[in-house]
Amino acid sequence: MKNTFVTISSAGPNRDPSKGTREQPLWDEHAAFIDQLVAEGFVLMGGPLVDEDGAILIVNADDENEVRERN
């Protein structure tokens, strides 16, 4: 049986604070990665935090280890 987890991530060291979220380097690759996690049913819901310095994701996983491995 899967469990529901809430994860909060922060922006990585390569984030350019002078650019918006969709203008960041590798944005398209990141979006494709997240889209794949949604298609697999791993990510149930998520979005950026108000300060645009991270995101919150609600995920469906067997356990905490699966959450850490997929991140």
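FYI, it's all coordinate maths here, none of it is from the lab. As the structure is a computational prediction, the values presented were derived from the model and not from experiment. Cβ coordinates were reconstructed from backbone atoms using ideal geometry, including for glycine residues, and neighbour counts include every protein chain displayed.
Worth pointing out:
- The residues MET1, MET45, when put in order of fewest to most other Cβ atoms within 10 Å, stand as MET1, MET45.
- In degrees, nearest ten, helix 27-39 long axis to first principal axis of the chain (Cα): 20 degrees
- Annotation note: GluC sites (Glu not before Pro) in the chain located in DSSP loop regions with a Cβ neighbour count of at most 11 within 10 Å are GLU40.
- For GLY54, the amide hydrogen comes within under 5 Å of the amide hydrogens of ALA11, LEU49, counting only partners 5 or more places away or on other chains and with H modelled in the peptide plane.
- Computed extension length for ALA55-GLU40: 3.5 nm, one decimal, from 0.36 nm per residue of separation with the Cα-Cα distance subtracted.
- Restricting the trypsin sites (Lys or Arg not before Pro) of the chain to loop positions (DSSP other than H, G, I, E, B) with no more than 13 neighbouring Cβ atoms within 10 Å leaves LYS2, LYS19.
- Exposure proxy ranking, count of Cβ atoms within 10 Å, fewest first, for LEU44, LEU37, LEU26: LEU26, LEU44, LEU37
- Rule-of-thumb Rg ratio for the chain [Cα; 2.2 N^0.38 Å; N residues]: 1.15
- Scalar couplings 3J(HN,Hα) for the range 58-71, obtained by applying the Karplus form with A = 6.51, B = -1.76, C = 1.60 to θ = phi - 60°, are 9, 10, 10, 8, 5, 7, 4, 4, 5, 4, 5, 5, 7, 7 Hz; x denotes Gly and Pro.
- Counting neighbouring beta carbons within 10 Å and listing from fewest to most, the residues SER18, SER9 come out as SER18, SER9.
- When +1 charges are put on Lys and Arg Cβ atoms and -1 charges on Asp and Glu Cβ atoms, the dipole computed for the chain relative to its Cα centre reaches about 80 debye.
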